[in-house]
Amino acid sequence: MSRLGVPLFITRHVLIALVVGGIGGLTFAGFLLEFDRFTSRNAFCTACHSMTYAETAYQRSSHYNSASGVRATCGDCHVSPGMLAATWDHLIGGKDLLKQWFGPDYDDPVVNALLLPEAAFAARAWFRDRDSATCKRCHTMEAIQGKRADTAAIHREETAGKTCIDCHYNLVHRPVPDQSTFKRDAWNRMIEEEFGLAPGMAGQMMADD
Amino acid sequence: MALSLSPADAAKVALDPGQWGHPAGEACVSCHLKASSGLAAQWQASAHQRAGVNCMDCHQATAADADAREHEGQVIATIVSPKDCGRCHTQEFVEQQGSVHAEAYAIIKDRVPALAQNLTGAAVQAAGCDQCHGSLVKVRGDGSLDPATWPNSGIGRVNPDGSKGSCSACHGRHLFSKAQAREPEACVRCHAGPDSPDKEIFEASKHGMLYASQRDRMNLDAAQWVAGRDYTAAPTCVTCHMGAAGKLPATHDVGLRNAWSLNSPVSQRQLLVVLEDGGKLELPASAPVPKRGAEITKADGTLGKVKSVGTPERRRQAMSMVCQECHGKPFTDAFMKQFDAVVDLFNGKFAEPARAIMAGLYAQGRLTPLPFDEPIEFTYWELWHDEGARARHGAAMASPNHTWWEGMYLVGRNFYSRFLPQARAAAGDRSAALVDAQLTGDHHQWLTDPAAGNPILGIDIPLGTDAVEAPR
């Protein structure tokens, strides 16, 4: 026993290592928190031009414009709560950056619109896998009242076995059918009409990419 | 043609009840009593509900269907087409698909733009024309129904599954009440107004008067509704145009019993050509009767093979069978004579000369081919399409007011006081050849005697007044 009552294996070196490690660890955790915060901002996400198309639709949605002034950012919905989970999501999300650099030309509005359904399907699966965790950041099931007569009762009585995204899809971004009824041909025709392209151009563009 | 086959009862659903009662359908109701509760409550009170037919039995879809969408874990379609209803109501489906109702979109498709697009604007087509005639329903690439074409329950709607029409044009969803469909009100949404005032005509007729005063004796809720047997108080639209009467079977081919075309520039007695594929086609009786097995172009432009041909006499006979449940044969025949005489008068005195005058003005370049850029085109259009149709429908369904004041009086007034002066102005120096040459025969003789006075105007014209020249 030393005079200070500290166990003998706490030598000076151990003590220094603990202090340095502790401060280092805290600094790293702080860094991760700041990193997650920084990379969840709308400005960060839309730094890639390809993401501004998603932003346009989002800015017309009630998740951007709510009467109460509550505004969900990209990360609020698309990055998991919790430091470790958020870091992991950002790590996995890095593949989007690789696709942006080396994949199809998502900056082209036509390509972007053509490939939107696959992005939507992936995002819905992501929500479903997490039991719509990011929705529940703000929305508490028991507190949902709604404006129509039976909204509360429907949420109370009709949602067994369902998660938010099962019903609430096509809420913020451009509507895309459910994967089970999605028809690639019909989608391509719609995009061709929208951009004034000749029929068949969409398929050609997708093949080129 | 099977116009007089028994039994006279409505077709029974031939399917085994095991064919309905979709297992996923029960789950819809609990939620839909909270969301859009009106329609769920109507279904709860329906015969469908009592028979165990649930939401999914009608709204089920396969993923490959053009308008299929995911809803609460099920693949469904919003539109329940006649083909969907036909899964159980097979006979009604077959009859309806071949009817003039089913072709209501196809028949006017090429003509509508002149009014809907040129004269007014595209917006009116979705909210106006198409609501009766039906729309060509467009499913967008994102799976939604294009609001320019839906909601729509027009009788000739072209559905995403290719079937034609909409059962809910007449059968209010989701109650599907027999009584409602038998009421004259089932037809009112479209058969009203200046060009086809059938609601107004019925109400102004003796039939309508009897119906209104004895509605409680109409037995409208009866399982079977054969005129002369299950009710005798009055006929409704359904009675004469679709209903069972005596040995005459009910039909969902609503034009089957119509001997005349009454909504055309010149009325024609019409042949009903029945095709091998179940389709039907109206042809003027003046045209050569197509041979069995011949190929013929249908209203939608596709080809069909002739199975049989119903003559106008046969069709008239079918309609008369309904009349004779309450009227004697001489009465019925004489009524039909009065009706036919009005149509012949309209044709011979006004419709044929007016059409010939217009054709001449177009052929000589006195009018541009574009419709409605010259006032006479409105006059001519309304002459047959509005007051001319009112007169003919009025005579067909026994409303004296529509036959005369709302109909033939206006035909005469507009023909002499608007159409002819406008035609002469357009024809200019060729007026005698292009206009007056068409006014030969007895019909227009009265104009050659301007001195023949009559007290109808309420003015005493003293004898000896200088004769005025005919307003030519």
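Values quoted throughout were computed directly from the atomic coordinates according to the rules given, and no laboratory measurement underlies them. Everything numeric in this text was worked out from a predicted model, so none of it was measured. Using ideal geometry, Cβ is built from the backbone for each residue, glycine included, and neighbour counts are taken over all protein chains shown.
At a glance:
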read-out: Chain A: Cys lacking any partner C-beta under 4.7 angstrom; value: A:CYS48, A:CYS77, A:CYS138, A:CYS167
read-out: Where only alpha carbons of chain B are counted, the Rg and the Dmax (Å); value: 25.4, 91
read-out: Residue among B:ASN118, B:VAL80, B:PRO353 farthest towards the positive dipole end of chain B, charges placed on Cβ; value: B:VAL80
read-out: Relative contact order %, segment A:73-195, counting alpha carbon pairs below 8 Å whose residues are six or more apart; value: 29 percent
read-out: GNM top mover of A:LEU33, A:LEU116, A:LEU97 - chain A, alpha-carbon springs below 10 Å; value: A:LEU97
read-out: Spatially proximal lysines relative to A:LYS99 (Cα-Cα < 21 Å; intrachain offsets below 8 disregarded); value: none
read-out: Farthest positive-ward along the protein assembly as shown dipole, Cα basis, beta-carbon charges - from B:ALA425, B:THR440, A:VAL70; value: A:VAL70
read-out: Distance histogram for segment A:40-208 (every C-alpha pair counted, 10 angstrom bins, percent rounded to whole numbers); value: 8, 32, 36, 18, 5, 0
read-out: Over segment B:329-457: Kirkwood hydrodynamic radius from C-alpha pairwise inverse distances, Å; value: 15.8 Å
read-out: Segment B:45-129 - Debye-derived log10 I(q)/I(0), Cα point model, q = 0.15 Å⁻¹; value: -0.82
read-out: Kirkwood Rh, Cα atoms: Rg over Rh of segment B:17-169; value: 1.00
read-out: Computed magnitude of the charge dipole of segment B:156-209 (debye, nearest 20; Cβ of K, R +1, Cβ of D, E -1); value: 220 debye
read-out: Sum of -39500 (n - 2.57) over DSSP H runs of 4+, divided by residues of chain A (222 nm, nearest 500); value: -17000 deg cm²/dmol
read-out: Size of charge dipole - segment B:329-457 - debye, nearest 20, with Cβ of Lys, Arg +1 and Asp, Glu -1, no other charges; value: 100 debye
read-out: Exposed GluC sites (Glu not before Pro) absent: longest stretch of chain B, with sites in DSSP loops and at most 16 other Cβ within 10 Å deemed exposed; value: B:73-275
read-out: Value of relative contact order over chain B, rounded to a whole percent, pairs C-alpha under 8 Å and six or more apart; value: 13 percent
read-out: Of A:CYS167, A:GLY203, A:PHE28, farthest towards positive along the dipole that unit charges on Lys, Arg, Asp, Glu beta carbons give chain A; value: A:PHE28
read-out: Calculated over segment B:164-247: convex hull of Cα atoms, volume per residue (Å³); value: 110 Å³
read-out: Residues of type lysines that B:LYS34 reaches as a straight line, Cα spacing below 28 Å, ignoring anything fewer than 8 places off in the same chain; value: A:LYS136, A:LYS147, A:LYS162, B:LYS178
read-out: Nearest-20 debye value, the protein assembly as shown charge dipole, Cβ charges on Lys, Arg, Asp, Glu; value: 1140 debye
read-out: 10 Å binning of all Cα-Cα separations within the protein assembly as shown, expressed as whole percents from 0 upward; value: 2, 11, 17, 18, 15, 12, 9, 6, 3, 2, 1, 1, 0, 0, 0, 0
read-out: Long pairs among B:LYS138/B:LYS291; B:LYS83/B:LYS305; B:LYS12/B:LYS247; B:LYS291/B:LYS329, criterion Cα-Cα beyond 27 Å; value: B:LYS138/B:LYS291; B:LYS291/B:LYS329
